[in-house]
1. Residue 15 versus residue 44, label points 7 Å from Cα toward the beta carbon: distance in nm?
2. As a check on your grasp of the helix formula, calculate [θ] at 222 nm for the chain: sum -39500 (n - 2.57) over DSSP H runs of n ≥ 4, divide by the residue count, round to the nearest 500.
3. Between the helical axis of 21-36 and the dominant principal axis of the chain, each derived from Cα atoms, what acute angle in degrees is found, rounded to the nearest 10?
4. Starting from the Cα of residue 51, step 7 Å along the direction of its Cβ; do the same at residue 32; then give the gap between the two resulting points in nm.
5. Quickly work out the residue 59-to-residue 8 label distance, labels modelled 7 Å from Cα along the C-beta direction, and quote it in nm with one decimal.
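Computed from the coordinates by the stated procedures, all read-outs in this text should not be read as laboratory data. Since we're looking at a predicted model, the values are computed, not measured. For neighbour counting, all protein chains shown are included, and Cβ atoms are generated from backbone atoms with ideal geometry for every residue, glycine included.
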């Protein structure tokens with residue numbers, strides 16, 4: 001059973017998540033998926049660019065019996081600030 005290798009609680013902020021090695025691992029897995037899938041390219045900013053913010057969302061995943069199986073961290077864009 002994986003319960004020994006996941007955190008029981010969901011952090012409310014990045015500061016809380018960075019205090020727990022299991023949430024750090026979940027964030028690393030998310031960033032590695034972005035890199036592997038070539039989701040974005042890091043570019044130098046110029047004054048004509050608008051920065052789109054992002055935030056981390058943390059969730060504990062449960063199996064069909066309600067047992068904790070995985071910590072899941074997602075980096076999501078604040079899409080409401082995007083312009084066409």
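1. Distance between the two pseudo-spin positions: 3.5 nm.
2. It comes out at -7000 deg cm²/dmol, rounded to the nearest 500.
3. Its long axis makes an angle of about 50 degrees.
4. About 2.9 nm, to one decimal.
5. In this crude spin-label approximation the distance works out to 2.2 nm.
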